[in-house]
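*Asks:* This is the structure, below, for whatever I ask next.
The values are calculated or read from the model by the stated rules, or taken from the named source; none is laboratory data. In this text the structure is predicted, and so the values were computed from the model without any measurement. Don't worry about glycine lacking a Cβ; one is built from the backbone with ideal geometry, like all the others, and counts go over all protein chains shown. Each accessible area value is taken on the protein alone, full model and side chains, heavy atoms only, with ligands, DNA and RNA left out. Shrake-Rupley method; radii C 1.70, N 1.55, O 1.52, S 1.80 Å.
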Amino acid sequence: MLTPPPLSFSICHAEKKAQQMWLPIREGRTSSMESPNLEFEYGDTDSLTPELSEIYSYTEEPEFALNRDYFEEDFRSHVRRRRWIELGQEQQKSYVMRLLDALEVTDRDKRLKVARAILYLAQGVFDECDTDADVIHWSRHNVFLLYDMGIFTALLELLSMEIDNNQACSSAVRKPAISLADSTELRVLLTIMYLMVETIRLQTEDDRPEWRTAREAFKTELGSPLYNGEPFALLLFTMVTKFCSMNAPHFPMKKVLLLLWKTILFTMGGFEELQEMKVRGRERLSLPPLPEDSIKVVRSMRAASPPASAMELIEQQQQAKRGRRSRRPLVKQDSLDTYNERDPFKNDDARDEEDDGEEADSGIEGEVDPLDRDVIIQPPPPPPPLRPPTERASLPKGLPWAPKVREKDIEHFLEASRNKFIGFTLGNDTETLVGLPRPIHESVKTLKQHKYVSIAEMQIKREEELQQCPMTLGEEDVDETPTEILYLGMLPNLSQYVIALLKLLLAAAPTSKAKTDSINILADVLPEEMPITVLQSMKLGIDVNRHKEIIVKAISALLLLLLKHLKLNHIYQFEIVSQHLVFANCIPLILKFFNQNILSYISAKNSICVLDFPHCVVHEMPELTAESLEAGDRNQFCWRNLFSCINLLRILNKLTKWKHSRTMMLVVFKSAPILKRALKVKQAMMQLYVLKLLKIQTKYLGRQWRKSNMKTMSAIYQKVRHRLNDDWAYGNDIDARPWDFQAEECALRESIEKFNSRRYDKNQNGEFAPVDNCLQSVLGQRVELPEDFHYSYEMWLEREVFSQPIQWEGLLQ
């Protein structure tokens, strides 16, 4: 009898097979010097079908038939000779009510069968449908029906029971290897809840009026503290921390994270809702409107060509010497285009690219992906044909962003000018220009024209006033928004939630090495019986890689949404989460994530189209072979991986913006060569956030780096917003003093603690309580005494009063 291979061996074997399978495709895609423009549109989520399919692992595919069988068995016993889609609305409601009653039985197995029948309804009764669109239609119809009948509240009670099931937790802790079977009940419940949240969240033009009402009611319900006094998202955060503390290793983390992300997206709103809230917030504070809509500006930007690598430049030189290159007509190149022969910085950039390779290995743990090296040694293909000039005719002229100036920048400019021309300063006064020459007057006028006051600056100013005059200004009116309610619930255990999310991100990152002490995130993807054939190993390897990619996608989107909503709600709420992320090593973790062949990651094909829902339940399942695994996916990039990369870059930007200590962390960890490699991805939004990260550290990288990377510097100038008196390209920043870095974080921490104490500490006003100095009113106060006090009152008087000598002279003194 053959013994199965050990678990760790099987997983590694499966992942290697999957990588070998896609290696030719990756090399073919990345070996070209000019990668194609990616037709990628960034948004809150992908389209509905991929978002629904990602909740399932490929190893769960046999359970679709199980759900159908349990539903059919129960449905046939109550409704004869009719299908679900043939029933009227009232008949469907009465059957769902019957299922709801059956959910309350004490028998665990019977309860699971009923839950599977409900899941089959939420999945769109696919056995009665002929096309994918029919499945989506009936899934939407059934989900609104289930919500209307109160199924979500019943599922929530069952989920709470499963979370508190100590027997299941202790059993999972003792098991050497955890598989799908250990989390069956949790997976069924979380899948139904995810389908309900994701389906109700999406608005369509043909929604019925009662569905629109139900959506608003469900949104309010999820964002309010209706579930045991806390919002639903907080229960999911508790599941994440319990899993990461090893107390519940059987929790299906991918489903929990996806449900948590979609819950926060639904209750708080996506990026377009954030933009609208920002506009309303500025109007409420009487601030001028935003200079532009950032979402529209980014969508209208086009990608630039990446800088050539060192080997590609050498190949070009050799071809030029041999006379193989023909003379090309003079055309306007993109800002990051490959260098032509007359570029004076060609040799410098070649040396710089070689230096970048050395720095990358020493700056971040782990080597560059071997695929990246394979790319470099490939001979360059013939140059692509020139695009017709008509493509460039429709481009907008000028820079994409309106320049901005902070109040602090105007103060610094006037302080330097007064010191130079007058010899003394006037503090924060930006109005008095007496004694300054005419050009300075013109400069100040220009700066004030572009002055931008953010909501965060107004919030900080208001907080300072409330701290200084607590009695005069009184209580602050705080709106009970979903963001405020969630922050209040997260505050006591905020650091635990942040650390747990980063642990999961580290475990799912493709650059992470397997360690014995790392958490096992594969509990809801590994089957009970490990694969025994090469084909099964390949399928499992793809499934494991896909599983990790989905976890990275969910965590990156969740963290970005949290940071953006908290920053809009109150800047100090954003700052405390940012500090927890920084102190938990989020910055080096994201840099480590990007220290790989990022083109290979973005073009990875870890999906099997024929196994994706709803295709797998509607169409005939073909026999899986190595060729059929490869068929069906003709996309030039993986949407979720590009989405994750952009989210992580945006998080890194949010953590480091206007924070010199954190910018220095980027320099210390040698992020410049890592970020430059990410510019190879020809997608405008991703390039924008990479260039922003390079811009904030150019002043620390030295003149030689700037001289060797003039194409990158030009791209920063063209694509990133300008601050009028920001000398990012020269390195004369007066705030860049290394001895201030620790003090900066400490001062920020102190401001955060004062804010939390003032707003959320209920006992904070004790020192301001009025004191009663009237003897009669103090003696007249009613004092609560114990019930048996009157029995021993005389003894207490004798012992404590009459028998004690009183030192009257001492009292008088």
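*Asks:* List every residue pair whose Cβ atoms sit under 7 Å apart, with the two residues 6 or more apart in sequence or on different chains, where the first one lies in region 90-118 and is farther than 18 Å from Ala65 by Cα and in the same structural domain as Glu73 (by the TED database) and the second, anywhere, is of a type in the set (S, T, N, Q) and surrounded by 16 or more Cβ atoms within 10 Å (Cβ to Cβ).
*Replies:* none
Results for (1) part of a helix (DSSP H, G or I); (2) over 35 Å from the mean Cα position of the chain (by Cα), shown as yes or no for each residue.
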residue: Glu41; (1), (2): no, no
residue: Thr45; (1), (2): no, no
residue: Thr59; (1), (2): yes, no
residue: Asp69; (1), (2): yes, yes
residue: Arg81; (1), (2): no, yes
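*Asks:* Among the residues of region 83-92, write down those that are of a type outside the set (S, T, N, Q), under 19 Å from Gln123 (Cβ atoms) and not in a loop (DSSP other than H, G, I, E, B).
*Replies:* Trp84, Ile85, Glu86
Let's see how each residue does on (1) of a type outside the set (D, E, K, R); (2) under 21 Å from Ile587 (Cα atoms); (3) touching a residue at least 60 places away in the same chain (Cβ under 8 Å); (4) surrounded by fewer than 21 Cβ atoms within 10 Å (Cβ to Cβ):
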| site | (1), (2), (3), (4) |
| --- | --- |
| Val618 | yes, no, yes, yes |
| Met621 | yes, no, no, yes |
| Glu627 | no, no, no, yes |
| Leu642 | yes, yes, yes, no |
| Lys654 | no, yes, yes, yes |
| Trp658 | yes, yes, no, yes |
| Leu666 | yes, yes, yes, no |
| Phe669 | yes, yes, yes, yes |
| Ile674 | yes, yes, yes, no |
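*Asks:* Sticking with this structure for a sec: Identify all residues within region 268-311 that are of a type in the set (Ser, Thr, Tyr) and under 19 Å from the mean Cα position of the chain (by Cα); write none if there are none.
*Replies:* Result: Ser294, single match.
*Asks:* Please work out if Leu675 is assigned to a helix (DSSP H, G or I) and within 24 Å of Met710 (Cβ to Cβ).
*Replies:* Yes: the conditions hold for Leu675.
*Asks:* If we scan region 425-442, do we find a residue that is more than 30 Å from Ile602 (Cα to Cα) and assigned by the TED database to the domain that holds Leu265?
*Replies:* Within region 425-442 (the criterion being more than 30 Å from Ile602 (Cα to Cα) and assigned by the TED database to the domain that holds Leu265), the answer is no, since none of the residues qualifies.
*Asks:* A follow-up question, please. Name the helices (runs of 4 or more DSSP H) wholly inside region 522-639 in which the number of residues that are among the hydrophobic types (A, V, I, L, M, F, W, C), under 24 Å from the mean Cα position of the chain (by Cα) and on the phi < 0 side of the Ramachandran plot is 1 or more.
*Replies:* In region 522-639, the matching helices (runs of 4 or more DSSP H) lie at 534-569, 571-583, 586-594, 598-602.
*Asks:* A further question follows. What are the residues in region 683-717 that are open to solvent by less than 10 Å² (accessible area, probe 1.4 Å) and not in a helix (DSSP H, G or I), if any?
*Replies:* Scanning region 683-717 gives Gln697, Asn709.
*Asks:* I've got another one for you. Go through Tyr70, Tyr120 for me and flag whichever is out of contact with any Asp or Glu (no Cβ under 8 Å at 6 or more places or on another chain) and crowded, with 20+ Cβ neighbours inside 10 Å.
*Replies:* Tyr120
*Asks:* Any idea which of Glu221, Glu198, Glu216, Glu162 is surrounded by fewer than 14 Cβ atoms within 10 Å (Cβ to Cβ), among the charged types (D, E, K, R), in a helix (DSSP H, G or I) and in the same structural domain as Ala115 (by the TED database)?
*Replies:* Matching residue, one of Glu221, Glu198, Glu216, Glu162: Glu216.
*Asks:* If you take the residues in region 434-455 that are modelled with pLDDT of 90 or more and aliphatic (A, V, I, L, M), which one is farthest from Pro291 (Cα to Cα)?
*Replies:* Leu436
*Asks:* May I ask you to list the residues in region 276-293 that are within 16 Å of Val453 (Cα to Cα) and assigned to a helix (DSSP H, G or I)?
*Replies:* Scanning region 276-293 gives Lys278, Val279, Arg280, Gly281, Arg282, Glu283, Arg284.
*Asks:* Looking only at region 243-264, count every residue that is at pLDDT 95 or above and surrounded by fewer than 21 Cβ atoms within 10 Å (Cβ to Cβ) and tell me the total.
*Replies:* Looking only at that region, the number is 0.
*Asks:* Tell me, please, whether a residue that is open to solvent by less than 80 Å² (accessible area, probe 1.4 Å) and at pLDDT below 80 can be found in region 795-804.
*Replies:* no
*Asks:* Now, a different point. Go through (1) without any contact (Cβ under 8 Å) to a residue 24 or more places away in the chain; (2) closer than 20 Å to Asp726 by Cα one by one and return the number of the condition Phe413 breaks.
*Replies:* (1)
*Asks:* Also: Restricting attention to region 764-791, which residues are part of a loop (DSSP other than H, G, I, E, B) and either at pLDDT 75 or above or among the small types (Gly, Ala, Ser) (or both)?
*Replies:* Within region 764-791, Ala769, Asn773, Cys774, Gly780, Gln781, Arg782, Val783, Glu784, Leu785, Pro786 qualify.
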